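Readers should treat all values here as calculations from the given coordinates under stated rules, not as data from a laboratory. Bear in mind the structure is a predicted one, so any value in this text is a computation, not a measurement. Here Cβ is always computed from backbone atoms with ideal geometry, including for glycine, and neighbour counts include all displayed protein chains.
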Amino acid sequence: MKSSNFKLRTSHLHSGGFTFVELLATLVLISIVMPVVMQTIGLCTRLAGQSRREIEAACLAKTKLAELTAVEDWQNGSTRGDFGSDWPGYEWKMAVANWPDDTTVRQIDLTVTWRAAGQQREITLSTLVYPQEQ
């Protein structure tokens, strides 16, 4: 019995810490994996920024389109503009055309544009309206 206790004690004393080879292997593995992880984080950050800008543009287009149709500015209002200092970098333009299937219905296309990553981006929302009878 005493000899087995002694074996446990000696094996327990030699099992502490890492060897130099284990530490070196860990550093090599980290140096291989870390650049890939950093590139992935950078890519995800850029994609999140692009998605945020697209969502903002879609919300701005929806709001402006609702405003133009509610107060009927689409008939004689301005056809382009920006969103002021609250939304710098975003601009809008409106196009009105006859609906192909019905000459009494008009199609309003509202396009919001912005620059991202050196490229012009845009999103277009459309709706159909009946002109005000005069």
Original post:
Each residue of the range 34-50 in order: what ³J(HN,Hα) in whole Hz does its phi give by Karplus 6.51 cos²θ - 1.76 cosθ + 1.60, θ = phi - 60°, with x for Gly and Pro?
Top reply: 4, x, 5, 5, 5, 5, 5, 5, x, 4, 4, 5, 5, 5, 5, x, 5
Original post:
Taking the Cα atoms only, what angle lies between the long axis of helix 2-13 and the longest principal axis of the chain, rounded to 10 degrees?
Top reply: 40 degrees
Original post:
At what distance in nm do the modelled label points of ARG115 and ILE30 sit from each other, each positioned 7 Å from its Cα along Cα→Cβ?
Top reply: 4.2 nm
Original post:
Taking the simple approach of a point 7 Å from Cα along Cα-to-Cβ for both THR79 and CYS44, what is their distance in nm?
Top reply: 4.6 nm
Subject >> MRE, 222 nm, helices only [DSSP H, n ≥ 4, -39500 (n - 2.57), over the chain, to nearest 500] >> reply: -17000 deg cm²/dmol
Original post:
Sorted by mean Cβ packing within 10 Å, highest first, what order do the peptides 62-68, 42-48 take?
Top reply: 62-68, 42-48
**OP:** Just the ratio, please: alpha-carbon radius of gyration of the chain over 2.2 N^0.38 Å, N its number of residues.
**Re:** 2.26
Subject >> Note, ³J(HN,Hα) from phi for the range 19-28, Karplus 6.51, -1.76, 1.60, rounded to Hz, x at Gly and Pro >> reply: 7, 4, 5, 5, 5, 5, 5, 5, 5, 5
**OP:** At 7 Å along the Cα-to-beta-carbon direction for both THR69 and GLN132, put a label point, then send me their distance in nm to one decimal.
**Re:** 1.7 nm
**OP:** Hey, can you grab everything whose amide H is under 5 Å from the amide H of ASP82? Only 5+ residues off in sequence or another chain; H modelled, so Pro and N-termini drop out.
**Re:** TRP92
**OP:** Work out the charge dipole of the chain with +1 on the Cβ of Lys and Arg and -1 on the Cβ of Asp and Glu about the Cα centre, then indicate which of GLY84, GLN39, MET94 is farthest towards its positive end.
**Re:** GLN39
